[in-house]
Amino acid sequence: MKTFSIATLGCKVNQFESEAILEGLIKNGYRLVPFEEGADITIINTCTVTHRADFQSRQIVRRALRNNPDSLIIVTGCYSQVEPEVFNRINGVKYILGNREKQILPEIIQNMEKGDLAKVQVSDIQKEILFSETPISSFHFHTRAFLKIQDGCSSQCSYCIVPRARGPSRSLSPERVIANLKILKERGFKEVVITGINIGCYGLDLEPSSTLENLLKKIEEEETPERIRLSSIEPLDFSDNLIYLISCSKKICPHIHIPIQNGDDEILKRMNRNYNSSFISDLILKIHKRIPNVSIGADIIVGFPGETEERFKETFSLVESLPFSYIHVFPYSSRKETPASLLLDRVDGKRISERAKMMRELSTMKRHAFYQKFLNQRLPVLLEDRREKDQGRLRGLSRNYIPVVILSDMNEDMYYNFINKECEVFISQLSGRWLCGRIEGVHDG
């Protein structure tokens, strides 16, 4: 039985697609081994959203070649889609696949092993108009599963390379979304993360057209997993009805992640984001008011061209004033062939680092303030098959995205009895990035 390994960089969509490759190869008789062990076939699923992602992708490819030079090295993903020539210049890489070709990798792997295919297989992703479904029935090594319902992006943010890497927006039909969720529930998954490149525009390309709101109503009504978590949703894609639906739902987790990207009106114009700081403020306050115990996260880009000290302070002040639970901070990374790459008023790298540090420190303060609200309260926590590193304690995730460590002296048998169960946990401590508490009951037996 031939072996394979997969290294995945980047977003939840990439993670889902790697899982689909994994499942397809196992069905075809291949055996998965850890990346570090070396395998007959090595697949690197790359990301290109930032310069750092590019660097990490190249680094992993070179590490694979160094540690396992006899392996069939296959590079795929967003970086290979937009710059296949980078990997074509690296001696030892056998195949370079684009994002469309990635999806048929299990079907063509035997031809690749025989050397029957061209080295570079990267088609024009802009011609993709239909969602290409890659069903999965499990999610190896994860208690929570992901489901990709949408791919591509038709927005034109000035800094973003994702439309070039992923093509136009396209959606999986509501019927197939429900069917996949039912399968995952039958396989025992209590939580599924609904993901895509831009799920807020889900369904607009379908015939008849649909919306994320309509899809969530169907998910609520059908025999789907007990916990549905939404990945990132763009600010302009929130309607009052969508917010109301989330607030009333028994399944949709009260956890919202919004890529607001900046809080200065001039920088938002340069980014081509089509909203202003007042819109952001009104939206965040509305969500916070209407959804009980909601966790609201945000993406922020610092150091965009033209971001003066005053403009950075505008963003910092806005974030500071709003009830965010955490912030994902991204130093601006210029991407070739994007409008922002042509802007001349660049911010010095040292200043970008300083601003990122300040924003991350603010995020830590926001996170701790949010967590403290739940001290001496009970939270429903899904216990995962993962342990906290320091003391090996059982860990899990609340519906509103708080990581929780279980305080207990339970033995191994007791430990396994709680995995993949939603437990009532009394929170008694805040410890760094964790809340800590003791199990008081189990919701789902």
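The values are calculated or read from the model by the stated rules, or taken from the named source; none is laboratory data. Note that the coordinates shown come from a computational prediction; the quantities given were computed from them, not determined experimentally. Quick reminder, even Gly has a Cβ in these numbers, built from the backbone with ideal geometry, and neighbours come from all protein chains shown. Quick note on the areas: whole protein, heavy atoms, side chains included, nothing else; ligands and nucleic acids left out. Shrake-Rupley method; radii C 1.70, N 1.55, O 1.52, S 1.80 Å.
Are any residues in the stretch 328-340 in a helix (DSSP H, G or I) and open to solvent by less than 30 Å² (accessible area, probe 1.4 Å), and if so, which ones? Step through it out loud before you land on a result.
As a first pass, look at the stretch 328-340 and keep what is in a helix (DSSP H, G or I): 339-340.
Within the stretch 328-340, just 340 meets the criteria.
What single numbered condition from (1) surrounded by 13 or more Cβ atoms within 10 Å (Cβ to Cβ); (2) among the polar types (S, T, N, Q); (3) in a loop (DSSP other than H, G, I, E, B); (4) at pLDDT 95 or above fails to hold for residue 376?
Checking residue 376 against (1) surrounded by 13 or more Cβ atoms within 10 Å (Cβ to Cβ); (2) among the polar types (S, T, N, Q); (3) in a loop (DSSP other than H, G, I, E, B); (4) at pLDDT 95 or above, the one that fails is (1).
Restricting to the stretch 417-441, count the residues that are in a strand (DSSP E or B), over 11 Å from residue 403 (Cα atoms) and open to solvent by 40 Å² or more (accessible area, probe 1.4 Å).
7
Within the stretch 201-209, does at least one residue satisfy the condition of being open to solvent by less than 10 Å² (accessible area, probe 1.4 Å) and either more than 19 Å from residue 13 (Cα to Cα) or not in a loop (DSSP other than H, G, I, E, B) (or both)? Full working, then the answer.
Filtering the stretch 201-209 for residues open to solvent by less than 10 Å² (accessible area, probe 1.4 Å) gives 202-203.
Restricting the remaining residues to those that are either more than 19 Å from residue 13 (Cα to Cα) or not in a loop (DSSP other than H, G, I, E, B) (or both) gives none.
Within the stretch 201-209, none of the residues are open to solvent by less than 10 Å² (accessible area, probe 1.4 Å) and either more than 19 Å from residue 13 (Cα to Cα) or not in a loop (DSSP other than H, G, I, E, B) (or both).
So, in the stretch 288-308, how many residues would count as being over 22 Å from residue 435 (Cβ atoms) and in contact with a helix residue (DSSP H, G or I) (Cβ under 8 Å, 6 or more places away or on another chain)? Break it down stepwise before answering.
Looking only at the stretch 288-308, we keep the residues that are over 22 Å from residue 435 (Cβ atoms), and these are 289-290, 299-308.
Then keep just the ones that are in contact with a helix residue (DSSP H, G or I) (Cβ under 8 Å, 6 or more places away or on another chain); that gives 290, 300-307.
Residues flagged as over 22 Å from residue 435 (Cβ atoms) and in contact with a helix residue (DSSP H, G or I) (Cβ under 8 Å, 6 or more places away or on another chain) within the stretch 288-308 amount to 9.
I'd like to verify a number: residues in the stretch 212-233 that are in a loop (DSSP other than H, G, I, E, B) and open to solvent by 50 Å² or more (accessible area, probe 1.4 Å), how many?
The qualifying residues number 3.
Quick test for you: out of 264, 299, 282, pick the one residue that is under 29 Å from residue 350 (Cα atoms) and either surrounded by fewer than 17 Cβ atoms within 10 Å (Cβ to Cβ) or touching a residue at least 60 places away in the same chain (Cβ under 8 Å) (or both). Let's see the steps before the verdict.
Working: 264 fails: either surrounded by fewer than 17 Cβ atoms within 10 Å (Cβ to Cβ) or touching a residue at least 60 places away in the same chain (Cβ under 8 Å) (or both); 282 fails: under 29 Å from residue 350 (Cα atoms).
When all the criteria are applied, what remains is 299.
Which is among the aliphatic types (A, V, I, L, M) and modelled with pLDDT under 95, of 410, 365, 359? Give the steps one after another, and end with the answer.
Details: 365 fails: modelled with pLDDT under 95; 359 fails: modelled with pLDDT under 95.
Selected residue: 410, the only one of 410, 365, 359 that is among the aliphatic types (A, V, I, L, M) and modelled with pLDDT under 95.
Taking the stretch 9-58, which residues are under 27 Å from residue 331 (Cβ atoms), open to solvent by 10 Å² or more (accessible area, probe 1.4 Å) and not in a helix (DSSP H, G or I)?
Selection gives 9, 10, 11, 47, 49, 50.
Going through the stretch 91-140 one residue at a time, which ones are part of a helix (DSSP H, G or I), under 30 Å from residue 385 (Cα atoms) and of a type outside the set (A, V, I, L, M)?
The first filter runs over the stretch 91-140 and keeps only residues part of a helix (DSSP H, G or I), leaving 99-102, 105-114, 125-127.
Right, trim to under 30 Å from residue 385 (Cα atoms) and you get 102, 105-106.
Once the filter is applied, which keeps residues that are part of a helix (DSSP H, G or I), under 30 Å from residue 385 (Cα atoms) and of a type outside the set (A, V, I, L, M), the stretch 91-140 yields 102, 106.
Select from the stretch 379-401 the residues that are surrounded by fewer than 16 Cβ atoms within 10 Å (Cβ to Cβ) and either of a type in the set (Lys, Arg) or modelled with pLDDT of 90 or more (or both) and write down the one among them that is farthest from residue 423 (Cα to Cα).
Among them, the one singled out is 389.
Given the criteria surrounded by 19 or more Cβ atoms within 10 Å (Cβ to Cβ) and either closer than 24 Å to residue 403 by Cα or free of Cβ contacts under 8 Å to residues at least 40 places away in the same chain (or both), does residue 325 qualify? Working first, answer last.
Details: surrounded by 19 or more Cβ atoms within 10 Å (Cβ to Cβ): yes; either closer than 24 Å to residue 403 by Cα or free of Cβ contacts under 8 Å to residues at least 40 places away in the same chain (or both): yes.
Yes: the conditions hold for residue 325.
Can you go through 314, 307, 354 and tell me which one is without any contact (Cβ under 8 Å) to a residue 24 or more places away in the chain, surrounded by 14 or more Cβ atoms within 10 Å (Cβ to Cβ) and of a type outside the set (A, V, I, L, M, F, W, C)?
Being without any contact (Cβ under 8 Å) to a residue 24 or more places away in the chain, surrounded by 14 or more Cβ atoms within 10 Å (Cβ to Cβ) and of a type outside the set (A, V, I, L, M, F, W, C) holds for just one of 314, 307, 354, which is 354.
Quick one: in the stretch 168-188, of everything that is within 18 Å of the chain's Cα centre (by Cα) and not aliphatic (A, V, I, L, M), which residue is surrounded by the fewest Cβ atoms within 10 Å (Cβ to Cβ)?
Among them, the one singled out is 170.
Can you tell me which residue in the stretch 101-119 is most open to solvent (accessible area, probe 1.4 Å), limited to those that are among the charged types (D, E, K, R) and touching a residue at least 40 places away in the same chain (Cβ under 8 Å)? Lay out the reasoning, then the answer.
First pass over the stretch 101-119, keeping only residues among the charged types (D, E, K, R): 101-102, 107, 113-114, 116, 119.
Among the residues that remain, those that are also touching a residue at least 40 places away in the same chain (Cβ under 8 Å) are: 102, 107, 113.
Details: 102: 2, 107: 143, 113: 60 Å².
Once the filter is applied, the top-ranked residue is 107.
Just give me the residues in the stretch 82-120 being closer than 20 Å to residue 22 by Cα and of a type in the set (S, T, N, Q), in sequence order.
Passing the criteria: 99, 103, 110, 111.
Please enumerate the residues belonging to the stretch 1-31 that are in contact with a strand residue (DSSP E or B) (Cβ under 9 Å, 6 or more places away or on another chain) and polar (S, T, N, Q).
Residues satisfying the conditions are 3, 5, 8, 14, 15, 18.
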